[in-house]
Amino acid sequence: MISIKSSREIELMRKTCELARETLGYIEQFVKPGVSTLELNDLCHEYITERGAYPSPLNYHGFPKSVCTSLNEVICHGIPNKKDVLKDGDILNIDVTTYLNKFHGDTNKTFLVGNVSDKVKDLVDITYKCMREGINQVRPGGHIGDIGAVIQEIAHDHGYSVVEEYCGHGIGREFHEEPQVVHVGKKGTGAEMKPGMTFTIEPMINLGKRHCKLLNDGWTVVTKDKKFSAQFEHTILVTEAGHEILTLRPEEEVDFRL
Ligand code: MF3
Ligand code: CO
Ligand code: CO
């Protein structure tokens with residue numbers, strides 16, 4: 001069952017999503033060569049808890065830290081640690097999920113560290129485009145499959161692959177709710193979108209092949225071929241008119257022609 005949020009619940013979703021996006025905006029200044037992913041984790045943890053919220057990943061099915069930090073060939077669910085120190089040319093995804101007033105908000109961004117090669121920059125740009133065009137499919141009467149269909153088309157047009165094992169998800173009182181938002185698919189398939197639904201769109205796009213491998217820590221997902229992977233994520237509300245991006249940061253408004 002896909003939950004339909006009431007106007008009161010939507011207000012609470014707006015608040016938690018606002019904090020999630022502000023946390024990503026805050027952490028950006030610290031993403032520099034020389035910083036460890038553990039330091040970035042601790043700064044996010046402090047920012048979130050100081051504002052009366054809880055970082056949803058912490059202890060979620062045993063996840064040990066407050067944000068996910070996924071570096072280079074890590075696709076998702078990287079665990080912050082003091083040995084992962086950022087260096088010039090890296091890409092780092094920081095995935096922030098906040099729990100405020102009983103509602104979760106979820107957003108992530110892939111940051112460029114120092115000078116990144118043009119090839120990797122293109123991967124990151126196209127991944128953002130995949131997320132953006134996926135979001136642009138969201139409207140009442142549309143289908144969840146419309147989202148994956150455009151994401152897959154864009155990624156493949158550029159010679160990249162789409163991770164299929166991990167996907168977007170409904171979000172609200174639970175971190176992960178129905179529906180699953182797969183980032184590949186066929187237009188017109190899957191659940192129908194209705195006003196009041198809230199879900200994430202979070203494509204993971206690989207430079208090489210789509211296949212992934214879970215490391216022995218039980219969390220870190222890497223590309224099998226060790227080539228780089230990028231991701232962006234927003235929490236979206238289906239509205240009567242189309243959609244609202246609940247985690248949109250001010251600097252992104254230009255990307256969405258708002
Ligand atoms: N934030 C991730 C998502 O976008 C989920 C992280 S689960 C964790 O769905 F346990 F690894 F934190
Ligand atoms: Co998510
Ligand atoms: Co997330």
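Results, tabulated for the structure shown:
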{"read-out": "Principal axis box of the range 1-152, alpha-carbon based, largest edge first, Å", "value": "45, 37, 26"}
{"read-out": "Candidates per trypsin sites (Lys or Arg not before Pro) in the range 160-246, loop by DSSP, up to 14 other Cβ within 10 Å", "value": "R173, K186, K209, K224, K226"}
{"read-out": "In the range 205-249, the GluC sites (Glu not before Pro) that fall in loop regions by DSSP, at most 12 other Cβ within 10 Å", "value": "E240"}
{"read-out": "The chain: relative contact order in percent, alpha carbon pairs under 8 Å with at least 6 residues between", "value": "22 percent"}
{"read-out": "Per residue Cα convex hull volume in Å³ - calculated over the chain", "value": "117 Å³"}
{"read-out": "Mean Cβ neighbour count within 10 Å, used as a protection proxy, ranking 91-97, 113-119 highest first", "value": "91-97, 113-119"}
{"read-out": "At R0 = 30 Å, FRET efficiency that the Cβ-Cβ distance of E28 and K186 yields, to 0.05", "value": "0.25"}
{"read-out": "Surrounding net charge for C76, when Lys and Arg each add one and Asp and Glu each subtract one, Cβ distance under 11 Å", "value": "-4"}
{"read-out": "Rounded FRET efficiency, nearest 0.05, which uses the C-beta distance separating N81 from M1 and R0 of 41 Å", "value": "0.60"}
{"read-out": "Fewest-first sequence of I245, I236 by Cβ atoms within 10 Å of each Cβ", "value": "I245, I236"}
{"read-out": "Surrounding net charge for A20, when Lys and Arg each add one and Asp and Glu each subtract one, Cβ distance under 13 Å", "value": "0"}
{"read-out": "Check: the range 7-246 dipole with +1 on Lys, Arg Cβ and -1 on Asp, Glu Cβ, in debye", "value": "280 debye"}
{"read-out": "Ordering of 16-25, 69-78 by burial proxy (mean other Cβ atoms within 10 Å per residue, highest first)", "value": "69-78, 16-25"}
{"read-out": "Förster radius 22 Å - calculated FRET efficiency between E164 and H61 (Cβ-Cβ, nearest 0.05)", "value": "0.60"}
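The numbers here are math on the coordinates, done by the rules we state, and not lab data. Treat the numbers as computed from the prediction; the structure is a model and nothing was measured. As a convention, Cβ positions derive from the backbone with ideal geometry for all residues, glycine included, and neighbour counts pool all protein chains shown.
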